[in-house]
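The values are calculated or read from the model by the stated rules, or taken from the named source; none is laboratory data. Since the model is a prediction, treat every value here as computed from it, not as a measurement. Here Cβ is always computed from backbone atoms with ideal geometry, including for glycine, and neighbour counts include all displayed protein chains. To get the accessible areas, we keep the full protein, side chains included, count just its heavy atoms, and leave off ligands, DNA and RNA. Shrake-Rupley method; radii C 1.70, N 1.55, O 1.52, S 1.80 Å.
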Amino acid sequence: MDLPEENDADLQAQIEEIEALSSIYGDEWCVIDEASRVFCIRISDDTHQPKWTVCLQIILPPDYPSSAPPIYQINASWLRGPDRSTLANSLEELYVENTGESILYLWVEKIREFLLEKSQSAEGPDSEKTMTTEEEEAHDYDEDDLPDYSVLKLANQSAQLLSDASDDEELPLIKHGETITDRRSTFQPHLAPVLTPQQVQRILNKLYENKKIASATHNIYAYRIYLEDKNSFLQDCEDDGETAAGGRLLHLLQILDVRNVLVVVSRWYGGILLGPDRFKHINNCARNILIQEGYTDTSEETSKAGGKNKRSKGKKAK
């Protein structure tokens with residue numbers, strides 16, 4: 001009997017928080033889908049250097065703020081490895097310290113504080129030169145041919161995605177695939193089963209604890225989670241500075257119709273531009289580990305079929 005009242009109270013708290021944030025941050029605050037409670041905010045440091053910028057995408061579940069945190073995604077091509085993990089941990093700590101309260105303003109200001117510290121301690125993002133060079137290669141394809149993945153994870157959300165995860169649950173097993181080396185650049189895939197966005201973040205954090213992986217020039221990832229009750233997918237990707245690589249990787253997962261899986265491809269840049277070959281190596285790494293772990297058939301026909309009865313495992317190789 002109390003649940004409707006709690007939901008009404010949460011909804012009212014969300015409305016008031018959104019109005020306040022919109023007033024405080026103006027054009028930096030963006031409403032992506034008001035009905036689904038999807039928003040984003042562009043955050044930069046007070047020095048107004050565009051290179052120190054983060055886009056925070058958030059989804060407000062029905063039971064936020066009373067009993068669930070927002071679902072969030074930190075988008076910043078220059079933010080990788082330990083820095084990304086440190087920032088994510090600080091946001092989670094803030095939520096734990098303020099459970100049951102509206103948290104978004106504190107999150108935004110924590111990110112702004114983090115950006116200020118970065119701008120004062122360094123001249124620019126570590127990967128700026130490499131990213132800029134690699135971005136020049138990105139002009140060899142038509143971006144209009146690729147789907148817009150920036151808000152894919154924002155559709156068909158449910159509060160169940162939050163309540164299913166626990167800090168005490170066992171971390172899914174992470175598998176590491178064979179490397180591909182071309183002109184001194186090395187690519188290596190990593191894979192883990194996932195059922196919630198929290199598991200995705202925990203696996204990423206675990207990977208970044210590995211110094212070699214954390215030192216990679218790019219850690220590109222994509223995931224797909226099947227929502228059985230809605231017959232839809234929760235999915236997202238991250239370029240990590242390798243322009244359009246995340247979108248292409250997610251597109252591969254869609255073509256193969258895999259589900260409940262996270263694939264990360266680490267690239268250590270060797271100083272020689274690979275052009276479009278880098279996308280081929282990233283997708284080949286991903287395909288190889290998916291086949292290795294039984295997520296897909298080895299036949300090209302099955303890969304393109306998108307069969308109706310595919311599941312995360314149990315494929316028969318032809």
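Of all the residues that make up the range 226-285, how many are part of a helix (DSSP H, G or I) and hydroxyl-bearing (Ser, Thr, Tyr)? I'd like the intermediate steps shown before the answer.
We begin by selecting, within the range 226-285, every residue part of a helix (DSSP H, G or I); these are 245-256, 277-285.
Of the ones still in play, those that are also hydroxyl-bearing (Ser, Thr, Tyr) are none.
Number of matching residues: 0.
What number of residues in the range 66-83 are within 12 Å of the chain's Cα centre (by Cα) and polar (S, T, N, Q)?
Of the residues in that region, 3 qualify.
Do you know which residues across the range 92-113 are free of Cβ contacts under 8 Å to residues at least 40 places away in the same chain and small (Gly, Ala, Ser)?
Taking the range 92-113 first, the residues free of Cβ contacts under 8 Å to residues at least 40 places away in the same chain are 92-101, 103, 106, 109-110, 113.
Within the range 92-113, Gly100 is the sole residue that qualifies.
Within the range 153-193, count every residue that is modelled with pLDDT under 85, among the hydroxyl-bearing types (Ser, Thr, Tyr) and buried (at least 16 other Cβ atoms within 10 Å of the Cβ).
Residues meeting the conditions: 1.
For residues that are among the polar types (S, T, N, Q) and loosely packed, with under 13 Cβ neighbours inside 10 Å, tally how many sit in the range 100-123. Quick ask: steps written out before the conclusion?
Going through the range 100-123, the residues among the polar types (S, T, N, Q) turn out to be 102, 119-121.
Remaining after also requiring loosely packed, with under 13 Cβ neighbours inside 10 Å: 120-121.
Looking only at that region, the number is 2.
Working carefully through the options Lys280, Lys315, find the one that is at pLDDT 90 or above and open to solvent by 50 Å² or more (accessible area, probe 1.4 Å).
Details: Lys315 fails: at pLDDT 90 or above.
Of Lys280, Lys315, the one residue that is at pLDDT 90 or above and open to solvent by 50 Å² or more (accessible area, probe 1.4 Å) is Lys280.
So if I check each of Ile58, Ile32, Ile71, which one is over 30 Å from Asn210 (Cβ atoms) and in contact with a helix residue (DSSP H, G or I) (Cβ under 9 Å, 6 or more places away or on another chain)? I'd like the intermediate steps shown before the answer.
Details: Ile58 fails: over 30 Å from Asn210 (Cβ atoms); Ile71 fails: over 30 Å from Asn210 (Cβ atoms).
Step by step, each of Ile58, Ile32, Ile71 is checked, and only Ile32 is over 30 Å from Asn210 (Cβ atoms) and in contact with a helix residue (DSSP H, G or I) (Cβ under 9 Å, 6 or more places away or on another chain).
Go over the candidates Tyr208, Tyr226 one by one and state the one that is farther than 24 Å from Gly294 by Cα, in contact with a strand residue (DSSP E or B) (Cβ under 9 Å, 6 or more places away or on another chain) and not β-branched (Val, Ile, Thr). So that I can check it myself, show each step before the final result.
Working: Tyr226 fails: farther than 24 Å from Gly294 by Cα.
After ruling out the rest, the residue left standing is Tyr208.
Give the number of residues within the range 194-220 that are part of a loop (DSSP other than H, G, I, E, B), open to solvent by less than 20 Å² (accessible area, probe 1.4 Å) and either of a type outside the set (A, V, I, L, M) or touching a His at 6+ places or on another chain (Cβ under 8 Å) (or both). Full working, then the answer.
Applying the first criterion (part of a loop (DSSP other than H, G, I, E, B)) to the range 194-220 yields 194-196, 209-210, 215-217.
Filter once more, keeping what is open to solvent by less than 20 Å² (accessible area, probe 1.4 Å): 194, 196, 216.
Cutting the leftovers down to either of a type outside the set (A, V, I, L, M) or touching a His at 6+ places or on another chain (Cβ under 8 Å) (or both) gives us 196.
Counting residues in the range 194-220 that are part of a loop (DSSP other than H, G, I, E, B), open to solvent by less than 20 Å² (accessible area, probe 1.4 Å) and either of a type outside the set (A, V, I, L, M) or touching a His at 6+ places or on another chain (Cβ under 8 Å) (or both) gives 1.
Do we find that Trp52 is modelled with pLDDT of 85 or more and among the aromatic types (Phe, Trp, Tyr) in this structure? Steps first, answer last, please.
On the way: modelled with pLDDT of 85 or more: no; among the aromatic types (Phe, Trp, Tyr): yes.
Judged against the criteria, Trp52 is not a match.
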